[in-house]
Amino acid sequence: MKISEVLQYLGMENAWCMDAVEMGVQLLVMAAVAGLVYWIAKKWLAKAVSHLAGKTATHWDDLMFNRYFFNAFALFIVPVAVRVVSDLAGWEHGEWFYKVVNIWLTFSTVLLISAILDGVNRIYDSYPVSRNRPIKVFIQVVKVFLYCVVIIVVISIIFEKDPESLLVGLSAFAAVLMLVFKDTILGFVAGVQLLANKMVNIGDWIVMPSANADGEVREINLTTVKVQNWDMTISTIPTYKMVSESFTNWRGMRESNGRRIKRSVNIDVQSVHYLGQEELEELKKSKLLRNYITAKLDELERRNAAMHTPLDGQQLTNIGTFREYMEAWIAQNPDIEQGMLHFVRQLQPGPTGIPLEIYCFSARQSFVEYERVQADLFDHLFAVLPLFNLRIFQYPSDSLRVETFKS
């Protein structure tokens, strides 16, 4: 029995009343169907599919079918069910009903496709190649394109216009659209350049002072690059700035066998002198210096044989011998990468003494281990300097005096 026949039987023969009641009943039925279908799809279907996915040997289905996917799927299946129930019941509706259902179906379709694309991105990110070739930028470009299509389709449904005619009309607003989507367009172009030229990858350590960024790259998307700094804060950098502005990428250091140590200490000039015989005998006790001192003394003796005065000859100095000692000590240190350049040199002297620079590469690259290797190296340097009768330059502790005034 139809709703109109029931109303006539109850004596409610007024046309307006009959239409209102009939529409209300239809809306209640469709709302009940929509709620039931959404609940089944989101709860029971999600549990069943997740249970089956958990039993499979592959892991891609676990990454694909998550909560967001089933939410989008439930929103997609509801308008389909409402339309099917309405057609089977033979209900006649106005244009507004079909417009609402079609708009709902359009939006839910895009949400479902977006959830599927997110699942594809998660599956891709589970493979090692994703660190060097992330695809999130391209997926976001596809999403932006889909959303633009949805806007055009919805407008065409509301105003009952052909989408092609809308596209022709939108061409007049191309300049406005370029301004609105400026960051998106620049971000897409920059993202392609970043990935194509391998300028930055997920997991790289970058330093960008203009953005207060110093840490590890966590995400590269269409509009921003997210960097987790070493103080655990997050710096968000516009993607196009990674191309237009300079930054330092420490990937080369991580891919190499060592991390550079480059630090100098200032030697007091007044402590530099020729080594006396007693000092030479004491330094010869070192296995690292014994052969060097013996060979150097023989060489200098041959050179100085033709000299008439010791002033014209060459002699071993404590600072030069100390340099040779530190080079030998670095060469036998297991914490220093021996396959990379290492040396000890003097820099330009200044008011604070003679800078003596240590240049080498730590074999341990992690921050904590690197700092430990560097500290151990200079701990030894500071401790052994007095054995060469050398002093480190520093200002006297009483150079600044506090004047007291008595009343």
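The values are calculated or read from the model by the stated rules, or taken from the named source; none is laboratory data. Keep in mind it's a predicted model, so treat the numbers as computed, not measured. Please note: Cβ atoms are built from the backbone with ideal geometry, for glycine as well, and neighbour counts cover all protein chains shown. Ligands, DNA and RNA are stripped out before the accessible areas are found, and what is left, the full protein with its side chains, is counted by its heavy atoms. Shrake-Rupley method; radii C 1.70, N 1.55, O 1.52, S 1.80 Å.
Considering only residues that are modelled with pLDDT under 80 and not in a helix (DSSP H, G or I), look in the range 95-152 and name the one that is surrounded by the most Cβ atoms within 10 Å (Cβ to Cβ).
P134
Among the numbered criteria (1) closer than 13 Å to V137 by Cβ; (2) more than 10 Å from the chain's Cα centre (by Cα); (3) modelled with pLDDT of 85 or more, which one does L194 miss?
For L194, the failing item is (3).
Being open to solvent by 60 Å² or more (accessible area, probe 1.4 Å) and in a loop (DSSP other than H, G, I, E, B) is the filter here; which residues of the range 333-348 pass it? If you could, list the steps in order and put the result at the bottom.
Of all residues in the range 333-348, those open to solvent by 60 Å² or more (accessible area, probe 1.4 Å) come to 334, 338-339, 341, 345-346, 348.
Those that are open to solvent by 60 Å² or more (accessible area, probe 1.4 Å) and in a loop (DSSP other than H, G, I, E, B): P334, Q338, G339, L341, Q348.
Restricting attention to the range 296-321, which residues are within 57 Å of the chain's Cα centre (by Cα) and under 29 Å from I392 (Cβ atoms)? Spell out the reasoning first.
Taking the range 296-321 first, the residues within 57 Å of the chain's Cα centre (by Cα) are 296-297, 299, 314-321.
Across the range 296-321, the qualifying residues are K296, L297, Q314, Q315, L316, T317, N318, I319, G320, T321.
Which of the residues that make up the range 221-271 are acidic (D, E) and either touching a helix residue (DSSP H, G or I) at 6+ places or on another chain (Cβ under 8 Å) or touching a residue at least 24 places away in the same chain (Cβ under 8 Å) (or both)?
Within the range 221-271, the first condition is being acidic (D, E), and the residues that meet it are 231, 245, 255, 268.
Listed by number, the residues that qualify are E245, D268.
Answer with yes or no whether I354 is under 38 Å from the mean Cα position of the chain (by Cα), closer than 30 Å to Y395 by Cα and among the β-branched types (V, I, T). Steps first, please.
On the way: under 38 Å from the mean Cα position of the chain (by Cα): no; closer than 30 Å to Y395 by Cα: yes; among the β-branched types (V, I, T): yes.
For I354, the condition - under 38 Å from the mean Cα position of the chain (by Cα), closer than 30 Å to Y395 by Cα and among the β-branched types (V, I, T) - is not met.
Which of the numbered conditions does L45 fail, given that it passes all the others? Conditions: (1) aliphatic (A, V, I, L, M); (2) open to solvent by less than 60 Å² (accessible area, probe 1.4 Å); (3) within 37 Å of the chain's Cα centre (by Cα); (4) modelled with pLDDT of 70 or more.
Result: L45 passes all but (2).
Output the residue which, of all residues in the range 207-222 that are surrounded by 15 or more Cβ atoms within 10 Å (Cβ to Cβ) and under 17 Å from R133 (Cα atoms), is modelled with the lowest pLDDT.
Ranking the qualifying residues of the range 207-222, first place goes to L222.
Just to verify a result, which residue in the range 182-194, among those that are among the aliphatic types (A, V, I, L, M) and open to solvent by less than 10 Å² (accessible area, probe 1.4 Å), is farthest from C148 (Cα to Cα)? I'd like the intermediate steps shown before the answer.
The first filter runs over the range 182-194 and keeps only residues among the aliphatic types (A, V, I, L, M), leaving 185-186, 189-190, 192, 194.
Next, only the ones that are open to solvent by less than 10 Å² (accessible area, probe 1.4 Å) stay: 190, 194.
Numbers: A190: 21, L194: 25 Å.
Among those that are among the aliphatic types (A, V, I, L, M) and open to solvent by less than 10 Å² (accessible area, probe 1.4 Å), it is L194.
In this structure, does S256 turn out to be more than 19 Å from V141 (Cα to Cα), modelled with pLDDT under 90 and of a type in the set (S, T, Y)?
Values: more than 19 Å from V141 (Cα to Cα): yes; modelled with pLDDT under 90: yes; of a type in the set (S, T, Y): yes.
Here the answer is yes, as S256 does meet what is asked.
Just checking, how many residues over the range 285-316 are in contact (Cβ under 8 Å) with a residue 40 or more places away in the chain and open to solvent by 80 Å² or more (accessible area, probe 1.4 Å)? If you could, list the steps in order and put the result at the bottom.
Of the residues in the range 285-316, the ones in contact (Cβ under 8 Å) with a residue 40 or more places away in the chain are 288, 315-316.
Applying the additional criterion that residues be open to solvent by 80 Å² or more (accessible area, probe 1.4 Å) yields 315.
Qualifying residue count, the range 285-316: 1.
Mind counting the residues in the range 359-383 that are closer than 30 Å to H273 by Cβ and either touching a strand residue (DSSP E or B) at 6+ places or on another chain (Cβ under 6 Å) or open to solvent by 10 Å² or more (accessible area, probe 1.4 Å) (or both)? It would help to see each step written out before you state the result.
Within the range 359-383, the first condition is being closer than 30 Å to H273 by Cβ, and the residues that meet it are 359-360, 374-383.
Add one more test, that the residue is either touching a strand residue (DSSP E or B) at 6+ places or on another chain (Cβ under 6 Å) or open to solvent by 10 Å² or more (accessible area, probe 1.4 Å) (or both), and what stays is 359-360, 374-376, 379-380, 382-383.
Within the range 359-383, residues that are closer than 30 Å to H273 by Cβ and either touching a strand residue (DSSP E or B) at 6+ places or on another chain (Cβ under 6 Å) or open to solvent by 10 Å² or more (accessible area, probe 1.4 Å) (or both) number 9.
Can you tell me which residue among A331, A375 is under 40 Å from the mean Cα position of the chain (by Cα) and farther than 25 Å from K284 by Cβ?
Just a single option satisfies the conditions, and that option is A375.
Which one of these is touching a residue at least 40 places away in the same chain (Cβ under 8 Å), in contact with a Cys (Cβ under 8 Å, 6 or more places away or on another chain) and closer than 16 Å to S264 by Cβ: I319, I330, I358?
Details: I319 fails: in contact with a Cys (Cβ under 8 Å, 6 or more places away or on another chain); I358 fails: in contact with a Cys (Cβ under 8 Å, 6 or more places away or on another chain).
Within the list I319, I330, I358, the selection yields I330.
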